[in-house]
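Dropping a structure here in structure tokens format, bear with me for questions.
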Amino acid sequence: MQKIILSLIYLTACGFNSFAETKLEGKLEPFLGKPELEIQPVFKGERFGNIVVTMDGTVLASWGTSHVRAKRSEDGGKTWGPEIVIAKPGFQPGGLTVNESNGDIFVFIEERHPPAPITVYKSQDDGKTWNKVDVKIKPDSNGNDPSMHMNEHGITLRHGKFKGRMIRPTRWYAGKNDRSLWPKHYTNAIYSDDGGKTWETSDPFPAKGTGEAALVELSDGTLYYNSRRHFSTDGLNPRMRHIATSEDGGHSWGDLYVSKELPDGEQNGNYGLMAGLIRLPFAGYDLLIFSNIESLNGRKNGTVWLSFDGGKSWPVKKSVEPKGFKYSSLAVGRKNTPSEGYISLLYESGTKSDINAYGGGKIAKFNLSWLTEGKNINQYLKK
């Protein structure tokens with residue numbers, strides 16, 4: 001733990017605060033202080049959630065299988081407003097995306113469990129109201145149209161040539177979600193350079209049997225792509241997360257490897273689990289947080305992991321929810337808003353380990369001090 005704290009001290013002492021004074025990249029201090037963890041139920045029944053923080057600092061969570069709805073928190077996740085229906089009927093497919101260029105928020109909704117027709121909704125008032133928008137989603141290089149379900153939220157790129165591009169994880173089902181076709185499935189992504197009017201589909205992820213992925217942009221503009229995999233025919237361990245990167249803004253993926261630290265669902269089976277992933281907003285550094293389960297049997301013991309080096313290693317982990325924990329999504333607060341300094345984790349709850357036992361959606365709100373065991377950095381500065 002001392003090494004972890006010294007790493008945090010180094011980030012502060014290096015003077016990164018002097019060049020992090022941008023609208024999107026903030027300071028480390030708001031994430032520290034007194035350790036905090038608060039868990040509260042937000043959605044009843046059903047499943048499939050995504051969570052983001054809007055440009056105004058509103059924590060926005062979406063949910064649902066019979067219809068897609070959202071809840072908003074304008075005080076950093078302390079209290080939540082009433083449910084807002086986005087589409088009824090509608091099936092939640094993940095990929096909630098904030099356009100950091102203008103504040104628009106996109107929701108992608110499928111008619112049913114995919115493959116299925118897709119409708120895109122957009123909010124221009126911080127998630128209060130939603131309207132259908134006409135968009136064009138192009139097929140991938142194989143001629144396959146992407147499906148949306150059930151991926152982590154999208155992001156807006158902040159660095160380099162592709163700054164301003166929106167990108168979100170997607171997948172291809174090979175016709176239908178059938179076990180016989182799993183070896184042909186693959187994850188990919190869609191991206192837009194025109195504000196969400198047109199979406200290109202990336203080349204396939206370099207491992208088949210994949211789907212339900214998450215991505216972040218590192219400080220040098222590299223995209224780090226972390227995918228679920230529940231089928232393997234190439235000898236690569238399907239019980240651990242599969243990782244690839246992109247140097248061209250998410251058009252193609254390479255450098256495939258299997259994580260030795262991040263599990264993909266329960267470890268006594270090959271059926272993976274959708275995970276959450278974020279990069280904390282500290283300019284020039286790549287602190288990542290990942291959420292999944294650490295369990296031999298059953299979807300339980302929801303855990304978060306912390307990386308200081310852009311996902312190369314994950315030296316810190318801590319259990320959030322020892323009981324039922326299924327799909328999850330992560331979001332991080334915005335600078336100079338009530339959400340600053342907090343990480344929000346939306347997860348499917350349920351008191352049983354049964355894969356089909358769901359108890360609605362809960363949100364865990366915590367800070368970095370809680371994750372690092374609440375050590376006081378000032379004490380180490382004095383030594």
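Largest first and to the nearest Å, give the Cα extent of the range 76-200 along each principal axis.
44, 38, 28
Still on this structure, I have one more. Take the chain, connect every pair of alpha-carbon atoms lying under 10 Å apart with a spring to form a Gaussian network, then pick out the residue of THR54, THR156, THR119 with the largest mean-square fluctuation.
THR119
Whole-Hz Karplus ³J(HN,Hα) for the range 199-206, in order, using 6.51 cos²θ - 1.76 cosθ + 1.60 and θ = phi - 60°, x for Gly and Pro?
Ordered by residue, 3J(HN,Hα) equals 10, 8, 9, 6, 5, x, 4, x Hz.
Please list, ordered by chain and number, the residues whose modelled amide H lies under 5 Å from the amide H of GLY164; skip anything fewer than 5 residues away on the same chain.
LEU157, ARG158, HIS159
Right, next: Provide the net charge surrounding GLU100, with neighbours chosen by a C-beta distance below 9 Å and charges set as Lys +1, Arg +1, Asp -1, Glu -1.
+2
For SER291, what is the net charge nearby, where nearby means another residue's Cβ is under 14 Å from its Cβ and Lys, Arg count +1, Asp, Glu -1?
Net charge around SER291: +3.
Across the range 198-339, how many lysine pairs, 8 or more apart or on two chains, come within less than 29 Å at their alpha-carbon atoms?
The result is 23.
For the range 98-150, go through all pairs of different Cα atoms, get the mean of 1/r, take its inverse, and jot down that Kirkwood value in Å.
Taking the inverse mean of 1/r over all distinct Cα pairs, the range 98-150 comes out at 12.4 Å.
For the range 126-256, what are Rg and Dmax over the alpha carbons, in angstrom?
According to the Cα coordinates of the range 126-256, Rg and Dmax are 14.7, 47 Å.
Over the range 312-351, what percent of the accessible surface lies on carbon and sulfur atoms, probe 1.4 Å?
50 percent
Using a simple spin-label model with points 7 Å from Cα along the Cα→Cβ vector, what separation in nm is obtained for LYS312 and TYR257?
Between LYS312 and TYR257, the simple spin-label model gives 0.9 nm.
Any idea of the accessible area per residue across the chain, 1.4 Å probe, to the nearest Å²?
Averaged over the residues of the chain, the accessible area is 40 Å².
Of the candidates PRO281, PRO169, PRO322, which one comes out as most mobile in a Gaussian network treatment of the chain with C-alpha springs shorter than 10 Å?
PRO322
Next question, about the same structure. In nm, give the distance between the simple-model label positions of THR79 and GLN267, each being 7 Å from the Cα along the Cα-to-Cβ direction.
Going from the THR79 label point to the GLN267 one covers 4.4 nm.
Now for a different question. Amide H to amide H under 5 Å from GLU340: which residues, 5+ apart in sequence or cross-chain, H placed 1.01 Å off N in plane?
Excluding prolines and chain starts, which carry no amide H, the hits are ARG334.
Can you list residues whose amide H is under 5 Å from VAL320's amide H, if they're 5+ apart or on another chain and H is modeled 1.01 Å from N?
GLY302, THR303, VAL304
Enumerate the residues in the range 200-216 having an amide nitrogen under 15 Å from the point lying 7 Å beyond the Cα of ASP145 toward its Cβ.
200-201
Show me, for the range 171-182, the HN-Hα J-couplings you get by feeding each phi into the Karplus relation (A = 6.51, B = -1.76, C = 1.60, θ = phi - 60°), rounded to Hz, glycine and proline as x.
Result, rounded to whole Hz: 7, 10, 8, 6, x, 6, 8, 10, 3, 5, 9, 3.
Give a residue-ordered list of calculated ³J(HN,Hα) values for the range 244-249 (Karplus: 6.51 cos²θ - 1.76 cosθ + 1.60, θ = phi - 60°; whole Hz; x for Gly, Pro).
Karplus values, whole Hz, x for Gly and Pro: 9, 9, 9, 10, 10, x.
Which one, (1) 31, 62, 7, 0; (2) 22, 39, 23, 12, 4, 0; (3) 22, 45, 28, 5, 0, gives P(r) over Cα pairs in 20 Å bins from 0, in percent as derived from the coordinates shown?
It is the one labelled (1).
Here's a follow-up. Please give the residues of the range 48-66, grouped as numeric ranges, whose backbone N is less than 19 Å from a label point set 7 Å along the Cα-to-Cβ vector of LYS128.
53-62
Oh, and also: What is the extension gain from LYS197 to LYS176, computed as 0.36 nm multiplied by their sequence separation minus the C-alpha to C-alpha distance, in nm to one decimal?
Full extension of this stretch gives 4.9 nm more.
With no solvent and one point on each alpha carbon, what is the Debye value of log10 I(q)/I(0) for the range 165-221 at q = 0.17 Å⁻¹?
Treating every Cα as an identical point scatterer, log10 I(q)/I(0) equals -0.61.
In addition: Could you sort the peptides 94-102, 138-146 by per-residue average Cβ neighbour count (10 Å cutoff), highest mean leading?
94-102, 138-146
Under a Cβ-Cβ cut-off of 10 Å, what is the net charge of the residues other than ILE155 that fall near it, where Lys and Arg count +1 and Asp and Glu count -1?
+1
So between HIS159 and LYS88, what do we pick up on full extension, going 0.36 nm a residue minus the alpha carbon distance?
That works out to 21.8 nm of additional length.
The values are calculated or read from the model by the stated rules, or taken from the named source; none is laboratory data. Predicted model only: the values in this text are computed from it and were never measured. Note: ideal-geometry Cβ built from the backbone for every residue, glycine included; neighbour counts use all protein chains shown. SASA here: full protein model, heavy atoms, side chains in, ligands and nucleic acids out. Shrake-Rupley method; radii C 1.70, N 1.55, O 1.52, S 1.80 Å.
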